[in-house]
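Here, each number is a calculation from the coordinates, and none is a lab measurement. No experiment lies behind these values; they were computed from the predicted model shown. Positions of Cβ are backbone-derived with ideal geometry, glycine not excepted, and every protein chain shown enters the neighbour counts.
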Amino acid sequence: MNITVETGDFRQKETDAVLIPILEDDLHNELLLAADASLDGSIQAFLNLGDFKGKPKTTSVLYTNGALPTPRIILVGLGMYNELNAEKVRQIAGHTARHLRDMGLKSVTVPIPPETQDDWTQAAVEASLLSLYEFKQHKTQSDEDSENNKSLDSMTFLVGSEAEKSLIEPIVERGQTVAKGTILARDLSNQPGNHLTPTQLADKAEEVAETVGLDCTVFDKPTLEEKGFRTLLAVAQGSAEDPRFIILEYTPEGEGHDTVALVGKGITFDTGGISLKSGKGMDEMKHDMSGAAAVLGAMQVIGQLKPNVRVIGIIATTENMPGSTAIKPGDVITSYGGKTIEIMNTDAEGRLILADALGWTAQYEPNGVIDLATLTGAVITCLGHIAAGAMGTDDALMEKLKKAADKTHERVWELPLWDDYDEGVKSKVADVQNIGDGTAGTLAGAAFLKKFAEGYPWVHLDIAGTAWGMKGSSYIPDGASGYGVRLLVQLVEDW
Ligand code: BES
Ligand code: MN
Ligand code: ZN
């Protein structure tokens, strides 16, 4: 769907429908009165019957019967003014966009009331696009009974003047850019393991970098061997697919900018390795590169929005397979930074590849590092599919992240990364072991990572619960959510 901004009067627009947003406590707004005047007061009569009260997520369709160029006026309820916020707008916009699509409409026009806040406009744009997302790449036939064949192609925001238009256009543009980055992350995460190998993920990163003007470096297997990425190579050694290490760099004009690094776990499929997972639900492990997808999606947006901070995107990517050459429980390996690790469970592979990635990151002297990883099933037990677990070594960075999470509604919840948890990852034979004692699994993962995230402010986001399977939202479909893209972009923009 394409979203554009135009000036003019909705009573003159040829469009499948004109949407009139209506507050519960301001039913008779100017737009509605204008429409009603053209329709001989029939909207007023309709409201008098109590058929539409402006409640959030309710809509009513009125037919203009030739009185206006558009055949339909659709009233869209927003609820009470003082209860309205960006997330409510997202929920309403997402719900409405799906409804319009399911009605079979192609083009709609939405007059924007002048008092609309910028963040609400951006929220409406993002959610409209995100709610219509479907992953249909591998369907050769569309389902008879689904809405598959219907598509809402264009949405036009109408404003009163050229001055308003020049204010609102960049916001609409930015909303579309952010939504496209989120959709990129969803597409990557939804892609089955046989269609997205580490090599294909690296190729995609190069393509994105080329398109939006980022520097991109990819290390192949010989380069990883030469540079000593031993934990990434260790996880990859049971697989026929070679690993890759991807570095994306965005550098703003001028000097003296802070540097932020975004690090993503890119396991393109996680079987568990020799500590094999059980079969039930194993297909979901195609999403185990959602952290990497979020980093790539965010970097695409950052390349386009050009914020005033240097941003490094780092992705370690491999499969985790149980081949005859695979790592085994009890094996000891050495990380990029030189620390030794006893592998007690090959299914705790994400933290292994992140050990190298976090070690590599130090050379950029970053002012903040966020890693995103589908690291533990335990975080789902703890927070469900609602919030990511956030654990880190720097309060100021954590605060920045929480602020970005509040704005985007990509929720984070801080868990206590006290030193007390270090005890659990002590090894008898190496510097550290890759699992804890079975309690507080999410914190054991973070306590392990902390050993490798040295020399910079750092927050780890465990996104195992939020990367897919988020339910109950009008703009987040089944499957991959694209969680993290909007959050990271907001963090960087507000830096
Ligand atoms: N990718 C999984 C984590 C995961 C599990 C994400 C379920 C989403 C849903 C990760 O690599 C893993 O297997 N973690 C283990 C760690 C354990 C062996 C300490 C887990 O959570 O069971
Ligand atoms: Mn695993
Ligand atoms: Zn995993």
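Of note:
Here is a yes/no grid of residues against (1) out of contact with any Leu (no Cβ under 7 Å at 6 or more places or on another chain); (2) within 16 Å of ligand 3 (Cβ to nearest atom):
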{"site": "T317", "(1), (2)": "no, yes"}
{"site": "G323", "(1), (2)": "yes, no"}
{"site": "M344", "(1), (2)": "yes, yes"}
{"site": "A362", "(1), (2)": "yes, no"}
{"site": "I370", "(1), (2)": "no, no"}
{"site": "A378", "(1), (2)": "yes, yes"}
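- Here the condition is being surrounded by fewer than 16 Cβ atoms within 10 Å (Cβ to Cβ) and not hydrophobic (A, V, I, L, M, F, W, C); of D36, D51, D16, it holds for D51 alone.
- Residues in segment 250-275 that are more than 16 Å from ligand 3 (Cβ to nearest atom) and either part of a strand (DSSP E or B) or among the basic types (K, R) (or both): Y250, T259, V260, A261, L262.
- Any hit, segment 415-424, residues being in a helix (DSSP H, G or I), out of contact with any Gly (no Cβ under 9 Å at 6 or more places or on another chain), surrounded by fewer than 19 Cβ atoms within 10 Å (Cβ to Cβ) and touching a residue at least 40 places away in the same chain (Cβ under 8 Å): no
- Restricting segment 334-345 to residues that are in contact with a strand residue (DSSP E or B) (Cβ under 7 Å, 6 or more places away or on another chain) and within 16 Å of ligand 2 (Cβ to nearest atom), the residue that is farthest from G272 (Cα to Cα) is I341.
- Residue check, A240 touching a residue at least 40 places away in the same chain (Cβ under 8 Å), buried (at least 18 other Cβ atoms within 10 Å of the Cβ) and either in a loop (DSSP other than H, G, I, E, B) or within 15 Å of ligand 2 (Cβ to nearest atom) (or both): no
- Some residue of segment 438-452 being more than 30 Å from V178 (Cα to Cα), within 16 Å of ligand 2 (Cβ to nearest atom), part of a loop (DSSP other than H, G, I, E, B) and in contact with a strand residue (DSSP E or B) (Cβ under 9 Å, 6 or more places away or on another chain): no
- P366 vs. criteria over 22 Å from M391 (Cα atoms), touching a residue at least 40 places away in the same chain (Cβ under 8 Å) and not in a helix (DSSP H, G or I): no
- Extreme residue, nearest to ligand 3 (Cβ to nearest atom), among residues of segment 276-297 that are surrounded by fewer than 20 Cβ atoms within 10 Å (Cβ to Cβ) and outside any helix (DSSP H, G or I): K277
- Top-ranked residue in segment 334-356 [being outside any loop (DSSP other than H, G, I, E, B) and away from ligand 1 (no atom under 11 Å from the Cβ); ranked as surrounded by the most Cβ atoms within 10 Å (Cβ to Cβ)]: A355
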